[in-house]
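Here's the structure, in C-alpha cells; my notes come after.
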Amino acid sequence: MADIKEILTKSELSRTDIVSLLEARDEDKTLLFEKAAEVKQKAVGNIVFFRGLIEFSNICSKNCYYCGIRSSNPGFGRYNLADDEIVEAARFAHLNQYASLVLQSGELMSNVFTNRVARLLEKIHNATNNELRITLSCGEQTRQTYQTWRNAGAHRYLLRIEASNKKLYEMLHPNDSNHSYEKRLECLYLLKETGYQTGTGVMIGLPFQTTGDLADDLLFMKNFAIDMVGMGPYIEHADTPLYKYKNRLLPLEERFQLALKMIAVLRLLLPKINIASATALQAIDKLGREKALKTGANVIMPNITPGSYRNNYLLYQNKPCTDDSADDCKNCLEVRVALANNTIGYGQWGDSAYFTEKKQHTG
Ligand code: SAH
Ligand code: SF4
C-alpha cells in the first residue's frame, strides 16, 4: 500500500505517485483534499472567480460519440442566439461584476462563423466599456481564425483534449479527418502561440479509461504548461453512441469522487493555474461545484444563457439549472460559495496567475 502521507510531502510527483493519489480512499483521500486546499490557499487564495457562461449556439458540425448535441442527433431544436440576446447576457454579467465571460458553442468552421464571433466580441466590448475578459470555447479552428478572434478581444480559450491517450481519444470520436487527435493537439499549440491564456481538460470516468490514463492526463497538462483547466465527470447521454458502454462505467458517485481527486492532484502539480469547477459536477451532486472549491478549484461558470435556450444545450443528461434564470443562479451560488469558505472575486478579472508569471519571465 502506498504511503499517501509520504507522497504528499514530495515536491515532484511521479506517475506512480499520481496513480496512488487518484486511488486514495477514506482518510487518505481526506489527506489529499486537505493538502490541495492548503496549496490553493497559499498559491491563489480562497477567492473564486465567476465567468458568466453563454452557450450561444448548439449547432455543431462534429459527431463526438459522447456528446448530446453531436450533429447526427436530430432529437431536439437547434438554436443560434441573436447578437442582441448575447450582448444582453454580457451586460448582465458586467452589471453583476462577473468581470469575465465564456462564449461557448458547437464547432463550426467557416468564414461566416469566424466573422460572426469577431463581430460579437467587438459588440460585447463596446457594450461593457471594455471591462470584461472574454474566454472562447468554439472548438478547433485555423491559426488565422484564432488570431482574428484574439485581435477582436478574446483573451482566453478553452479546448479540452478530452483524453490525452491517443487510443482512447480515437475511441471517443469518429475515425475521420474531422476528428483527429493530432489536429486537436496542434490547435492547443496554436492557441498558446497566438497569446491566449490556454485552457484544456478531460472527461473523467469514461469507458475504457484507467487511473493510469488520468495520471497521464494530469502530466500532459503539466508538461504543456497549461494556464487553466476545466474538467469534470463524463455523464452518459442516451442518444449517443458511447451510451452502449454504460454498464462499464463507474457509479456516478465514484466518478464524482474521482473528479474531485483529479482537481486536487492538479492543484498540487500546477499550484497557480485557474481550475474551473465543472458544471457536470453539479449534475451528480447538488453541491458538487462547491465541494470542488474545497479540493482546489477556484473558478465557477454560472450559466447566464437566456433560460429558454438552456434545455437545448444538453451535452449530457440531468444538466443542472436548465430551468433557472440567471438571477436564481447568482443567488444560490453566493450562498454555496460562502459555505465552502471562499469569497467571490467580484469585479476582478482573475487571470491565470501562472500565465501572468510565465509572461513576466519571458519579458
Ligand atoms: N464544441 C466545443 C465546446 C462545447 S462542448 C468543444 O467541443 O470544444 C464542451 C465540452 O463538453 C467538451 O469539451 C466535452 O468535454 C464536454 N462534454 C460533452 N459531452 C459530455 C458528456 N456526455 N459528459 C461530460 N462532458 C461532456
Ligand atoms: Fe460538437 Fe463540442 Fe459536442 Fe463535439 S463536444 S459534438 S465538438 S459540441
Can you pull the Rg over Rh of the chain, Cα-only, Kirkwood?
0.93
Over the heavy atoms of Glu170, what accessible area does a 1.4 Å probe trace out, to the nearest 10 Å²?
90
If I compute solvent accessible area with a 1.4 Å probe over the protein chains, what percent of it on the range 153-306 is carbon and sulfur?
52
Any idea how far apart Leu31 and Glu253 come out in nm if each label point goes 7 Å out from Cα toward Cβ?
2.4
Tell me which DSSP H helices of the chain clear both cut-offs, 15 Å or more of axial length from alpha-carbon atoms and a mean Kyte-Doolittle hydropathy of at least 0.5.
252-269
Quick one: length gained pulling Asp239 to Tyr346 fully straight, 0.36 nm per residue minus the C-alpha distance?
34.6 nm
Distance between modelled label sites at Ile59 and Phe224, nm, 7 Å Cα→Cβ extension
2.8
Length gained, Lys123-Cys332, 0.36 nm per residue minus C-alpha separation, equals 72.3 nm
Could you work out which residue, out of Ser20, Ser177, Ser105, moves most in a Gaussian network model of the chain, that is, has the largest mean-square fluctuation with Cα springs under 10 Å?
Ser177
Given the whole protein assembly as supplied and a 1.4 Å probe, what does the accessible area of Glu23 come to in Å², nearest 10?
100
Say the cut-off is 24 Å between C-alpha atoms; which of Lys10/Lys286; Lys10/Lys222; Lys42/Lys291; Lys166/Lys246; Lys286/Lys330 go over it?
Lys10/Lys286
Within straight cross-link reach of Lys358, meaning Cα distance under 14 Å, which aspartates and glutamates are found once same-chain residues fewer than 8 apart are removed?
Glu193, Asp227
In debye, nearest 20, what is the charge dipole magnitude of the range 29-361 about its Cα centre with +1 on Lys and Arg Cβ and -1 on Asp and Glu Cβ, if you could check?
620
Counting only the heavy atoms of the protein chains, how much of Thr343 is accessible to a 1.4 Å probe, in Å² to the nearest 10?
90
Qualifying chymotrypsin sites (Phe, Trp or Tyr not before Pro) in the range 175-274, DSSP loop, other Cβ atoms within 10 Å at most 14:
Phe208
Charge dipole of the range 29-361 about the Cα centre (unit charges at C-beta), most positive-ward option of Leu242, Leu101, Tyr354:
Tyr354
So which GluC sites (Glu not before Pro) in the range 72-138 pass both tests, a DSSP loop state and at most 12 other Cβ atoms within 10 Å of the Cβ?
Glu131
Quickly work out the Lys166-to-Arg15 label distance, labels modelled 7 Å from Cα along the C-beta direction, and quote it in nm with one decimal.
1.5
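The values are calculated or read from the model by the stated rules, or taken from the named source; none is laboratory data. Quick caveat: nothing in here was measured; it's all calculated off a predicted structure. For neighbour counting, all protein chains shown are included, and Cβ atoms are generated from backbone atoms with ideal geometry for every residue, glycine included. Ligands, DNA and RNA are excluded from the accessible area calculation, which covers all protein heavy atoms including side chains. Shrake-Rupley method; radii C 1.70, N 1.55, O 1.52, S 1.80 Å.
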